[in-house]
Amino acid sequence: MRILAVDPGEKRIGLAISDPTATIAQPLTVLKHISRPVDAAAIAEIARQNQVGLIIVGTTMDDDGLPIPRSRQAERLADALHLQSDLPVQLWDESFSTQEARIARIAMGTTRKKRTGHLDDLAATVILQSFLDAKSR
């Protein structure tokens with residue numbers, strides 16, 4: 001079963017997808033944020049096209065593992081996805097995923113000049129891989 005991860009942002013939404021065995025995450029695409037219903041419809045369509053069985057939406061938690069006010073954006077997107085798709089949607093802690101994506105890009109040897117730009121799809125990959133790793137334990 002493939003799993004789709006969503007990294008919701010104010011300007012862009014990063015998407016990552018697992019392999020069919022739900023073992024390895026890879027970047028998929030970045031969507032421009034338009035509105036919650038339009039974003040949810042686009043994500044649901046991508047999930048359908050890729051035969052996804054589960055959607056993970058990244059949400060930020062505080063140090064105690066509790067949602068913070070910014071988490072409402074992810075919760076609302078998850079609710080909109082429920083309306084657009086019959087697939088299960090689960091929230092997953094995305095704390096520090098963008099920083100981890102930046103570190104990964106540096107570790108891959110990407111030059112400083114080429115490191116500019118968005119990390120949304122890589123952040124979604126970090127979120128998804130953390131979910132996959134936690135589920136395999």
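What does the C-alpha gyration tensor say about the overall shape of region 4-51? Classify as rounded when a/c is under 1.5, otherwise prolate if a/b is larger than b/c, or oblate.
Oblate is the answer for region 4-51, as a/c is 1.5 or above yet b/c matches or exceeds a/b.
Quick check: net charge around Ile17, other residues with Cβ under 12 Å of its Cβ, Lys/Arg +1 and Asp/Glu -1?
Spelling it out: positives minus negatives among the neighbours equals -1.
Would you order Asp7, Asp79 from fewest to most other beta-carbon atoms within 10 Å of each residue's own beta-carbon?
Going from sparsest to densest Cβ surroundings: Asp79, Asp7.
Which of Thr21, Thr60, Thr125 has the fewest other C-beta atoms within 10 Å, and how do the rest follow up to the most?
Ascending number of Cβ neighbours within 10 Å: Thr21, Thr60, Thr125.
A short reminder: the numbers here are calculations on the coordinates, not readings from a lab. Just so it is clear, the model here is predicted, and its values are computed rather than measured. Reconstructed Cβ throughout: ideal geometry from the backbone, glycine too, with neighbour counts over all protein chains shown.
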